[in-house]
Structure formats: C-alpha cells, structure tokens
Amino acid sequence: MNENILNICVNFNVWETEKNFDDWQNMLPKILDETVKTMNLKNCEVNLLLTNNDEIHQLNYDFRNVDAPTNVLSFPQYETFEELIPDPNNICIGDIAIAYETVKLEAKTFNKPFFDRCTHLFVHGLLHLLGLNHVETDERAEMERLETNILAQFDIEDPYIRG
C-alpha cells in the first residue's frame, strides 16, 4: 500500500483566510501521492511550510545566498533520484516552503486561480525533492511535462500557458 505522509505547517495565518484553503489542504496528500507514483516511488514523507515573503527571503538568503524572496524553495534530503530508490521504508525526502505574497502576486499576474498556482509550485517543489532539475533545456522540458501531466490529473490547466 502506498503510504505517503505530508506534514503541513502554516506559520503565516493569511493562508487560512483564503477561500477554499481547507479543500486545497485536503487535496495536497493526493497531489503528493500522484507525484510520487509518477516517479515510481512510494512511502515518501514531505514537510510543507506555508509561509510569507519575509520567512522565505531569510531561507533563500541562508541556504542559497540569494537576498530576495521567491515563490517556492525545496530542500531535498537526497542529492539524486537514485539515492531514493534503495530505501523501501517511509523516508523523508525533504522540505518545501511556499511564500504567500509572492504566489498571490504571480497568480494575479499569470491570470491563474491562486490555489492552482500554489499546487503547481507544490508539484514543482516535489519534483525537485525527487531529484529533478531545470538547469538544462532537456531537464526543464521533462520537468514541465511532468508538472503539466500531474496537474491535469486534478483538472488544473497547463501552468505554462498564461491565462
């Protein structure tokens, strides 16, 4: 049985005031399951921090030496996908942080529903935890293809087509 675990920490309460927050939060474990299944894995644990620009700015500076907020950060526990495969037990594959204000602005700029944008960034972060990257053109194309396919399973439009 596929037993993935998602731990969600909300340290910026504005998240909880968004319409449909509870529905979105309840959907996230299914998103995790689908993403992990897509990569032919199971029994993965992920920690998700729903935070603000100030917190993500500090994390971005502390861990990437980038002095600016960003939309999502991923902190993988393993450097490559191959390192994940040998461990059949529940393993924590890493942490994801998403910044409310940045995502809110991006959703408006891209003309996307707020939680569709959040879900896209969650999937994006999960794929990073699973060893994918988007530095090279072919890597970026594969990552975008996977994101689009996973999101389509939840009736979320292609995030790379501006609304």
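Throughout, read-outs are computed from the coordinates displayed, never taken from laboratory work. Since the model is a prediction, treat every value here as computed from it, not as a measurement. Note that each Cβ is placed from the backbone with ideal geometry, even for glycine, and that neighbours are counted across all protein chains shown.
Here's the list of aspartates and glutamates a cross-link from Lys37 could span, going by alpha-carbon distance under 19 Å and ignoring same-chain residues fewer than 8 apart: Glu3, Glu45, Glu82, Glu83, Asp87, Asp95, Glu142, Glu144, Glu147, Asp155. To the nearest ten degrees, helix 114-129 and the longest principal axis of the Cα atoms of the chain are 30 degrees apart. Counting only residues at least eight positions apart within a chain, or on another chain, the aspartates and glutamates with an alpha carbon under 14 Å from that of Lys104 are Glu16, Glu18, Asp116. Backbone phi angles across the stretch 67-76, fed through the Karplus curve with coefficients 6.51, -1.76 and 1.60 (θ = phi - 60°), yield HN-Hα couplings of 8, 6, x, 9, 7, 9, 10, 10, 10, x Hz in residue order; Gly and Pro are listed as x.
Asp33 sits among other residues whose Cβ lies under 13 Å from its own Cβ, and their net charge, with Lys and Arg +1 and Asp and Glu -1, is 0.
Quick one: work out the % antiparallel among DSSP beta bridges in the stretch 1-148, nearest 5.
If I count the DSSP bridges inside the stretch 1-148, around 25 percent turn out antiparallel.
With θ taken as phi - 60° and the Karplus curve 6.51 cos²θ - 1.76 cosθ + 1.60 applied, the whole-hertz 3J(HN,Hα) list for the stretch 135-150 is 6, 8, 4, 5, 5, 4, 4, 5, 5, 5, 4, 5, 4, 4, 5, 5 Hz, x standing for glycine and proline.
For the stretch 112-163 and the stretch 1-43, what is the centre-to-centre distance using only Cα atoms, to the nearest Å? If we compute the Cα centre of each part, the gap is 15 Å.
Charging the Cβ of each Asp and Glu at -1 and of each Lys and Arg at +1, and nothing else, the dipole of the stretch 36-163 about its Cα centre rounds to 420 debye. Counting only alpha carbon atoms, the long axis of helix 53-64 and the longest principal axis of the chain meet at about 40°.
Restricting the stretch 66-135 to GluC sites (Glu not before Pro) that sit in a DSSP loop and have at most 12 other Cβ atoms within 10 Å of their own Cβ leaves Glu79. Trypsin sites (Lys or Arg not before Pro) within the stretch 102-163: which are DSSP loop residues with at most 16 other Cβ atoms inside 10 Å? Answer by residue number: Arg162.
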